[in-house]
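S.K.: There's a structure below that I have some questions on.
FYI, it's all coordinate maths here, none of it is from the lab. Since we're looking at a predicted model, the values are computed, not measured. Note: ideal-geometry Cβ built from the backbone for every residue, glycine included; neighbour counts use all protein chains shown.
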């Protein structure tokens, strides 16, 4: 155990396994789960570590306000909230925890898809309104469907594993070389087979410069068959205006969206909010408020993963 290892700003919901573990390592945890960006400049100045999620943007300005910062731990996968390149220049180690919530995301993507194709949410709402319809709510099965997964990291693999028992064809594409590809998926060298064969397309990519509006109007036009869209990755990966146009034209048969270009509702631009409001009135849309990876189990697992990574970094022990 180290004494006086320094202060760690806890700017995200975490499980006690993380704070207890950091305390045992000699750190002093400073819990500020509801911190704002403005508050962070003062709170971070004497810290050696930060645990964050999506609340803070750890950009150059904020990193410069913390001259003693040694490491950043991200609850979850997306590192777009951190200027990783500048952090590296400053000698700051960055850790994320996609291993911790990938199962939750995989389950949520599958749950949304089943809710859509079996019309579970829509028919539930109809019954609540006193409407009983059977023929109109006849669903379709996943068996024999072709599902394209774009991005085959932790969450893409978790979703594929959940699908493997449904006797669907699973095509996967990732721009990075893949090892240990499971036998129940077909690895594609390009997007062409997904464009030509997929009935369902699910995105599991990080938010990078080349993934902003990955799904746009040209992508939709290249799809040979009307398809169902799933996005549990990051909101800007999908051009929401193109989605609305695709639904209107019939090129998109349905959508399962957990993330949006601006979040939460209070931060949405009018154009995005208008599309979202329209989606909530459609029988072929299932939308949720960025909760795919937000389970009780994932909170524990992400916290544990971060603690293990911090412990294993010899430069901060």
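S.K.: What per residue convex hull volume, in Å³, comes out for segment 137-196 when only alpha-carbon positions are used?
M.R.: About 95 Å³ per residue, rounded to a whole number.
S.K.: A further question follows. Gaussian network model of the chain, Cα springs within a sub-10 Å range: biggest mean-square fluctuation belongs to which of 146, 52, 280?
M.R.: The residue that fluctuates most here is 280.
S.K.: Report the label-to-label distance for residue 269 and residue 127 in nanometres (one decimal), using points 7 Å from each Cα along the Cα→Cβ vector.
M.R.: In this crude label model, residue 269 to residue 127 measures out at 4.0 nm.
S.K.: Compute the label zone of residue 277 within segment 216-244: residues whose backbone N is under 20 Å from the point 7 Å along Cα-to-Cβ.
M.R.: Under cut-off, by backbone N: 240-244.
S.K.: Just the Cα atoms of the chain: what Rg and Dmax do they give in Å?
M.R.: Looking at the chain, its Cα Rg and Dmax stand at 21.2, 68 Å.
S.K.: Could you calculate the FRET efficiency of residue 38 with residue 80 from 1/(1 + (r/R0)^6), where r is the beta carbon distance between them and R0 is 22 Å, rounded to 0.05?
M.R.: Given R0 = 22 Å and the Cβ-Cβ separation, E is 0.60.
S.K.: Could you pull the Rg and Dmax for segment 209-268, using just the Cα atoms, both in Å?
M.R.: That works out to 11.3, 37 Å for Rg and Dmax.
S.K.: Using a Förster distance of 22 Å, how high is the FRET efficiency between residue 88 and residue 17, based on the Cβ-Cβ distance and rounded to 0.05?
M.R.: In this case the efficiency is close to 0.20.
S.K.: Continuing with this model, one more query. Using a Förster distance of 30 angstrom, determine the FRET efficiency expected from the C-beta separation of residue 46 and residue 300, and round it to 0.05.
M.R.: 0.55
S.K.: Can you give the translational diffusion coefficient of segment 6-96 in µm²/s, computed by Stokes-Einstein from the Kirkwood radius over Cα pairs at 37 °C and 0.692 mPa s?
M.R.: 257
S.K.: Could you please state, rounded to a whole Å, how far the C-alpha centre of segment 1-74 is from the C-alpha centre of segment 88-163?
M.R.: Taking the Cα centre of segment 88-163 as reference, the centre of segment 1-74 is 32 Å away.
S.K.: Mind ordering 9-16, 260-267, 158-165, 131-138 by average Cβ neighbours within 10 Å, highest first?
M.R.: 9-16, 158-165, 260-267, 131-138
S.K.: What percent do you get for the relative contact order of segment 165-205 when only Cα pairs under 8 Å and 6+ apart count?
M.R.: 38
S.K.: Pairing the Cα long axis of helix 154-163 with the longest principal axis of the chain, what angle in degrees results, from 0 to 90 and rounded to the nearest 10?
M.R.: In the chain, helix 154-163 runs at an angle near 40 degrees to the longest axis.
S.K.: Per-residue ellipticity at 222 nm for the chain, helices alone: DSSP H runs ≥ 4 residues times -39500 (n - 2.57), over residue total, nearest 500 deg cm²/dmol?
M.R.: -10500 deg cm²/dmol
S.K.: What are the extents of the Cα atoms of segment 261-317 along their three principal axes, listed from largest to smallest and rounded to whole Å?
M.R.: Each principal axis gives a Cα extent; for segment 261-317 these are 52, 23, 15 Å.
S.K.: Moving on to the next point. Hey, rough spin-label estimate for residue 99 and residue 287, points 7 angstrom out along Cα→Cβ, what's it come to in nanometres?
M.R.: 3.6
S.K.: Of 270, 226, 236, which has the largest mean-square fluctuation in a 10 Å C-alpha GNM of the chain?
M.R.: 270
S.K.: Working from the alpha-carbon coordinates of segment 100-287, get Rg over Rh, Rh being the Kirkwood radius.
M.R.: A ratio of 0.95.
S.K.: Here's another thing I want to ask about it. So which residue, out of 147, 228, 127, gets the largest mean-square fluctuation from a GNM of the chain using Cα contacts under 10 Å as springs?
M.R.: Taking springs between Cα atoms under 10 Å, the residue moving most is 127.
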